[in-house]
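One structure below.
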Amino acid sequence: MMTAFHTSKTLYNTGDMIAASIDFFSKLKKKPAHLEVERVFQDRAPAGKPKRSESRYVFRDLDSAQNWAEERLERRLYQVELPAEALEHQADWRWLEHGLKALRRGDMDALHDAADSYWRGDFTDEPCIEWLVSEAVVVRELPTVSEDEKRARKAAKLGMPSLEEIARQFHDEDGSWSSQD
C-alpha cells in the first residue's frame with residue numbers, strides 16, 4: 001500500500017473510499033476559463049491516460065496537500081492509502097495554473113505546452129504533485145490550519161496586513177481602544 005493525502009470539503013470517516021471529483025468539475029460551468037483549460041488538457045491527454053473529470057485526486061506528499069488546501073477555504077485534509085496499481089498518473093498541478101494564465105493571455109501555444117508538460121509528468125519550479133488514482137481509502141483526518149489563519153496567510157502573500165495588525169493600530173498599549181480621531 002502507498003500513502004498519500006487528499007483534500008476535500010467532504011467529511012470522510014476512516015475506511016471510506018474517496019469519491020471521484022465529479023462535483024468539482026460540474027461546478028466549473030460557472031468558470032468558463034477553467035473549464036476550457038480542463039477541456040484542452042483532456043484533449044491533449046495521451047491514449048491510455050485517465051480522464052481528469054472522472055479521477056480521484058490525491059497528493060503525493062503532505063506539503064503539497066497542505067499548500068493546496070491552505071489556498072482554499074473549508075478544506076479538510078486526509079491521509080489515505082492506495083494500492084500501487086491504483087496510481088494512474090503523476091503530474092504537477094501547477095501546470096493547470098500555467099495553462100490558465102496562458103489562456104487569459106490568449107497564448108494557445110503556451111496552453112498546449114502546459115497540457116503536454118502535465119501529461120509528460122514534468123515538474124514546474126514550485127511543484128505541487130498530484131496523483132490521479134482509481135481508488136484511495138481514508139486512513140485518518142489530519143489537522144489543518146483554521147480558516148482565520150488561511151485568510152491571514154493569503155493576506156500576507158498579497159502584502160496586506162492581518163486583522164490583528166489592523167486591530168493593534170486602534171488599541172492603546174494597555175489593550176483599551178484608543179481615541180484616535
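The values are calculated or read from the model by the stated rules, or taken from the named source; none is laboratory data. The model shown is predicted, which means the values in this text are computed figures rather than measured ones. Positions of Cβ are generated from backbone atoms using ideal geometry, with glycine treated the same way; all protein chains shown enter the neighbour counts.
Does the range 88-98 contain any residue that is under 24 Å from ALA155 (Cα atoms), modelled with pLDDT under 95, surrounded by fewer than 16 Cβ atoms within 10 Å (Cβ to Cβ) and not polar (S, T, N, Q)?
Yes, the range 88-98 contains at least one residue that is under 24 Å from ALA155 (Cα atoms), modelled with pLDDT under 95, surrounded by fewer than 16 Cβ atoms within 10 Å (Cβ to Cβ) and not polar (S, T, N, Q).
Assuming ASP109 fulfils every condition listed in (1) among the acidic types (Asp, Glu); (2) modelled with pLDDT of 95 or more; (3) surrounded by 14 or more Cβ atoms within 10 Å (Cβ to Cβ) apart from one, which condition is it?
It fails just one condition, (3).
Any chance the range 101-114 includes a residue that's under 15 Å from the mean Cα position of the chain (by Cα) and either more than 20 Å from PRO46 (Cα to Cα) or of a type in the set (D, E, K, R) (or both)?
no
Is it true that some residue in the range 77-86 is surrounded by fewer than 18 Cβ atoms within 10 Å (Cβ to Cβ) and more than 23 Å from THR10 (Cα to Cα)?
Yes, the range 77-86 has at least one match.
Looking only at the range 1-29, count every residue that is loosely packed, with under 15 Cβ neighbours inside 10 Å, at pLDDT 90 or above and outside any loop (DSSP other than H, G, I, E, B) and tell me the total.
Selection size over the range 1-29: 2.
Within the range 30-40, count every residue that is at pLDDT below 95 and surrounded by 15 or more Cβ atoms within 10 Å (Cβ to Cβ).
Initial filter on the range 30-40 (at pLDDT below 95): 30-39.
Going one step further and asking which of them are surrounded by 15 or more Cβ atoms within 10 Å (Cβ to Cβ), we end up with 34, 36-38.
Qualifying residue count for the region: 4.
Suppose the filter is modelled with pLDDT under 95, of a type in the set (A, V, I, L, M, F, W, C) and buried (at least 19 other Cβ atoms within 10 Å of the Cβ); does LEU73 pass it?
So LEU73 does not fit the description; no.
Among the residues of the range 41-67, which ones are surrounded by 20 or more Cβ atoms within 10 Å (Cβ to Cβ) and either more than 22 Å from GLY15 (Cα to Cα) or among the aliphatic types (A, V, I, L, M) (or both)?
PHE41, ARG52, VAL58, SER64, ALA65, listed by residue number.
May I ask you to say which residue of GLU85, GLU81, GLU135, GLU130 is part of a loop (DSSP other than H, G, I, E, B) and under 18 Å from ILE18 (Cα atoms)?
GLU135
Sort out which residues of the range 1-16 are farther than 18 Å from GLU74 by Cβ and charged (D, E, K, R), and write them in order of number.
Hit for the range 1-16 is ASP16, nothing else.
Do we find a residue being in contact with a strand residue (DSSP E or B) (Cβ under 9 Å, 6 or more places away or on another chain), of a type in the set (Lys, Arg) and not in a loop (DSSP other than H, G, I, E, B) anywhere in the range 96-111?
No; the residues of the range 96-111 include none that is in contact with a strand residue (DSSP E or B) (Cβ under 9 Å, 6 or more places away or on another chain), of a type in the set (Lys, Arg) and not in a loop (DSSP other than H, G, I, E, B).
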